[in-house]
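In what follows, a structure is listed as structure tokens, so that the remarks can point back to it.
The values are calculated or read from the model by the stated rules, or taken from the named source; none is laboratory data. Please read these numbers as outputs of a predicted model, since none were measured by experiment. Cβ atoms come from the backbone with ideal geometry, glycine included; neighbour counts cover every protein chain shown. Just so you know, the surface numbers come from the protein's heavy atoms only, side chains and all, with ligands and any DNA or RNA stripped out. Shrake-Rupley method; radii C 1.70, N 1.55, O 1.52, S 1.80 Å.
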Amino acid sequence: MKYSFRLFVFSLAILAGVSCSRQVTRVSPDQQIDLSGRWNDTDSKLTAEALIDQLLSQNWIGNYEDEFNRKPVVIVGLITNKSSEHIDSDTYIKDIEKAILNDGRVRLVQAGAKREALRQERADQQDFASKASLKKWGQELGADFILQGDINSIIDSYKKENLRYYQLNLELTNVETSELVWMGDKKIKKYINK
């Protein structure tokens, strides 16, 4: 009798563990899913698209080409997170860089740590590469403009209601003259009722 009871309890424990297992479902990366109401991948994509549309539809590109008879060169600098949440701006920056590159009217140069890695590779080549394949110093394409910005948020809550407001600002500045040639922003407001 004790053996049967133990077997019964053991079987129940296994069934309880199996029934509480986690289910994972693959979904399209384009599908909008909001779980927490916080900043998410959809917000990143929507803001990057909106700001790039603003940036690339303004007169600064044509004005530059008229004056210098070539495409402007842009470097994407820091986009500072000033919000109350952890927001990885790298995914947002990559969306912006990809859109600029795919548009084709503006040239894009590498920034930050990746540019330093390129410089280190060039330095290594000075000692280890053949003369025929050696890449020279001083041949980098200098940026004409730097794109920088910030992410801000305001959170308001009362009892079970929560309002999250995000504002992303971007500025394009002439590197040589420090002239501000374009400014844009995208705002997102989310209402969460728990």
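Among 151, 192, 155, which is the only one that is closer than 17 Å to residue 51 by Cβ, under 26 Å from the mean Cα position of the chain (by Cα), surrounded by 10 or more Cβ atoms within 10 Å (Cβ to Cβ) and of a type in the set (A, V, I, L, M, F, W, C)?
Working: 192 fails: closer than 17 Å to residue 51 by Cβ; 155 fails: closer than 17 Å to residue 51 by Cβ.
Matching residue, one of 151, 192, 155: 151.
Any idea which of 122, 70 is among the basic types (Lys, Arg) and either surrounded by 12 or more Cβ atoms within 10 Å (Cβ to Cβ) or outside any loop (DSSP other than H, G, I, E, B) (or both)? Break it down stepwise before answering.
Details: 70 fails: either surrounded by 12 or more Cβ atoms within 10 Å (Cβ to Cβ) or outside any loop (DSSP other than H, G, I, E, B) (or both).
The match here is 122.
When the stretch 73-101 is examined, which residues are found to be outside any loop (DSSP other than H, G, I, E, B) and aliphatic (A, V, I, L, M)? Even if it seems obvious, please write down each step before you answer.
Within the stretch 73-101, the subset outside any loop (DSSP other than H, G, I, E, B) is 73-81, 89-101.
Result: 73, 74, 75, 76, 78, 79, 93, 96, 99, 100, 101.
Residue-wise test of (1) part of a loop (DSSP other than H, G, I, E, B); (2) open to solvent by 60 Å² or more (accessible area, probe 1.4 Å); (3) within 22 Å of residue 81 (Cβ to Cβ); (4) of a type outside the set (A, V, I, L, M).
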site	(1), (2), (3), (4)
24	yes, yes, no, no
30	yes, yes, no, yes
34	yes, yes, yes, yes
38	yes, yes, yes, yes
45	no, yes, yes, yes
52	no, no, yes, no
61	no, no, no, no
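Any idea which of 176, 97 is open to solvent by 60 Å² or more (accessible area, probe 1.4 Å) and not hydrophobic (A, V, I, L, M, F, W, C)?
Values: 97 fails: open to solvent by 60 Å² or more (accessible area, probe 1.4 Å).
After applying the criteria, what remains is 176.
May I ask you to say which residue of 163, 180 is out of contact with any Phe, Trp or Tyr (no Cβ under 8 Å at 6 or more places or on another chain) and on the phi < 0 side of the Ramachandran plot? Don't jump to the end; show me each part of the working.
Numbers: 163 fails: out of contact with any Phe, Trp or Tyr (no Cβ under 8 Å at 6 or more places or on another chain).
Answer to the selection: 180.
Which is touching a Pro at 6+ places or on another chain (Cβ under 6 Å), of a type outside the set (Phe, Trp, Tyr) and touching a residue at least 40 places away in the same chain (Cβ under 8 Å), of 150, 144, 185? Break it down stepwise before answering.
Details: 150 fails: touching a Pro at 6+ places or on another chain (Cβ under 6 Å); 185 fails: touching a Pro at 6+ places or on another chain (Cβ under 6 Å).
Of 150, 144, 185, the one residue that is touching a Pro at 6+ places or on another chain (Cβ under 6 Å), of a type outside the set (Phe, Trp, Tyr) and touching a residue at least 40 places away in the same chain (Cβ under 8 Å) is 144.
State which residue pairs qualify: first residue within 24 Å of residue 103 (Cβ to Cβ) and inside the stretch 22-50, second residue acidic (Asp, Glu) and surrounded by 11 or more Cβ atoms within 10 Å (Cβ to Cβ) in any location, beta carbons under 8 Å apart, and separation of 6 or more residues or different chains.
29/41; 42/34; 44/95; 45/95; 48/95; 49/95
Do we have any residue at all in the stretch 134-142 that's crowded, with 16+ Cβ neighbours inside 10 Å and either modelled with pLDDT of 90 or more or more than 29 Å from residue 107 (Cβ to Cβ) (or both)? Step through it out loud before you land on a result.
We begin by selecting, within the stretch 134-142, every residue crowded, with 16+ Cβ neighbours inside 10 Å; these are none.
Within the stretch 134-142, not a single residue is crowded, with 16+ Cβ neighbours inside 10 Å and either modelled with pLDDT of 90 or more or more than 29 Å from residue 107 (Cβ to Cβ) (or both).
Each row is one residue, and each column tells you yes or no for (1) modelled with pLDDT of 95 or more; (2) among the basic types (Lys, Arg); (3) more than 19 Å from the chain's Cα centre (by Cα); (4) farther than 22 Å from residue 32 by Cα.
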| site | (1), (2), (3), (4) |
| --- | --- |
| 92 | no, no, no, no |
| 122 | no, yes, yes, yes |
| 130 | no, no, yes, yes |
| 175 | yes, no, yes, yes |
| 183 | yes, no, no, yes |
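Listed residues 151, 146; which is assigned to a strand (DSSP E or B), among the β-branched types (Val, Ile, Thr) and farther than 21 Å from residue 65 by Cβ?
Numbers: 146 fails: farther than 21 Å from residue 65 by Cβ.
Answer to the selection: 151.
Taking the stretch 73-84 as the search range and keeping residues that are within 25 Å of residue 165 (Cα to Cα) and under 15 Å from the mean Cα position of the chain (by Cα), which one is surrounded by the fewest Cβ atoms within 10 Å (Cβ to Cβ)?
Taking the stretch 73-84 as the starting set, the residues that turn out to be within 25 Å of residue 165 (Cα to Cα) are 76-84.
Retained after the next criterion (residues that are under 15 Å from the mean Cα position of the chain (by Cα)): 76-83.
Values: 76: 22, 77: 18, 78: 14, 79: 19, 80: 13, 81: 17, 82: 11, 83: 20.
Residue satisfying both the conditions and the ranking: 82.
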